[in-house]
Amino acid sequence: MTESVPQRQIARNVLKLHGIARLTELRAEGVTAATMSRMERDGEVLRLARGLYQLPDAPLDAHHSLAEAAKRLPKGVVCLVSALAFHELTDQMPRHVWMAIGHKDWAPKMEVTPVRLVRFADRLLADSVEIHTVEGVPVKVFGVAKTIADCFRYRSKIGLSVAIEGLQEALRQRKATPGEIAKYAEHGAVATVIRPYLEALTAND
């Protein structure tokens, strides 16, 4: 049992540093799965999902679900309605975390945080990716202008009204220029779809 004492301390240190940690990360530091099971049983850690842990007193960010999803999908990028909400461009609170992944990327089963996966071509997946830290976790989020273009691309999934709301708010809050939005709309092959809305909203500028 003596060997589990330093392991518990190592686990606490890793979780304090990273906020949320995967079992593979803890194992890399010399902490066994058995130690994590005992810590969970003793209330020293919270098991968020299979192989995903957090300290029970860790401060929860408003974007906690994004941090959890990012840990489970390190290649994923927060997109569509979740990106709109992150950038404060919609009043909607998405029931799912919308994540973009590549066509060949592995998609794990999400046990706790519900995630909606959208497959993106590699060239679109690498476009306008911002990295924000949430609860110590690096979270990839698409930038505002690209998010707007993507919402129009996937309007059949999220609803055209959501895409229009995001466009209106991005322009009103000056978080993206018409030119930036048009550029990403061109990249995503939705320039002809978005142009009438963009022209109508900027007609009086």
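The values are calculated or read from the model by the stated rules, or taken from the named source; none is laboratory data. Predicted model only: the values in this text are computed from it and were never measured. Virtual Cβ from ideal backbone geometry, glycine too; neighbours counted across all protein chains shown. The area values use the complete protein model at the heavy-atom level, side chains included, leaving out ligands, DNA and RNA. Shrake-Rupley method; radii C 1.70, N 1.55, O 1.52, S 1.80 Å.
Values computed for the structure shown
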read-out	value
The range 87-108, residues that are among the hydrophobic types (A, V, I, L, M, F, W, C), part of a loop (DSSP other than H, G, I, E, B) and touching a strand residue (DSSP E or B) at 6+ places or on another chain (Cβ under 7 Å)	107
Residue count, the range 18-39 (criterion: of a type outside the set (A, V, I, L, M), within 17 Å of residue 72 (Cα to Cα) and touching a helix residue (DSSP H, G or I) at 6+ places or on another chain (Cβ under 9 Å))	5
Residue within the range 129-150 that is surrounded by fewer than 18 Cβ atoms within 10 Å (Cβ to Cβ), hydrophobic (A, V, I, L, M, F, W, C) and closer than 17 Å to residue 89 by Cβ present	no
Test: residue 155 is open to solvent by 70 Å² or more (accessible area, probe 1.4 Å), in contact with a helix residue (DSSP H, G or I) (Cβ under 6 Å, 6 or more places away or on another chain), farther than 30 Å from residue 15 by Cα and not aliphatic (A, V, I, L, M)	yes
Failed criterion for residue 113 (all others in (1) modelled with pLDDT of 90 or more; (2) crowded, with 17+ Cβ neighbours inside 10 Å hold)	(1)
Condition check for residue 192: among the hydroxyl-bearing types (Ser, Thr, Tyr) and loosely packed, with under 13 Cβ neighbours inside 10 Å	yes
Qualifying residue in the range 164-187 (condition: closer than 20 Å to residue 88 by Cβ, out of contact with any Asp or Glu (no Cβ under 6 Å at 6 or more places or on another chain), open to solvent by less than 20 Å² (accessible area, probe 1.4 Å) and of a type in the set (Asp, Glu))	no
Matching entry among 99, 39 (being over 26 Å from residue 125 (Cα atoms) and out of contact with any Pro (no Cβ under 6 Å at 6 or more places or on another chain))	39
Residue 106 among the aromatic types (Phe, Trp, Tyr) and either touching a Lys or Arg at 6+ places or on another chain (Cβ under 6 Å) or crowded, with 22+ Cβ neighbours inside 10 Å (or both)	no
Test: residue 44 is of a type in the set (D, E, K, R) and in contact (Cβ under 8 Å) with a residue 24 or more places away in the chain	yes
Number of the condition not met by residue 25 [criteria: (1) within 20 Å of residue 65 (Cβ to Cβ); (2) modelled with pLDDT under 85; (3) among the acidic types (Asp, Glu)]	(2)
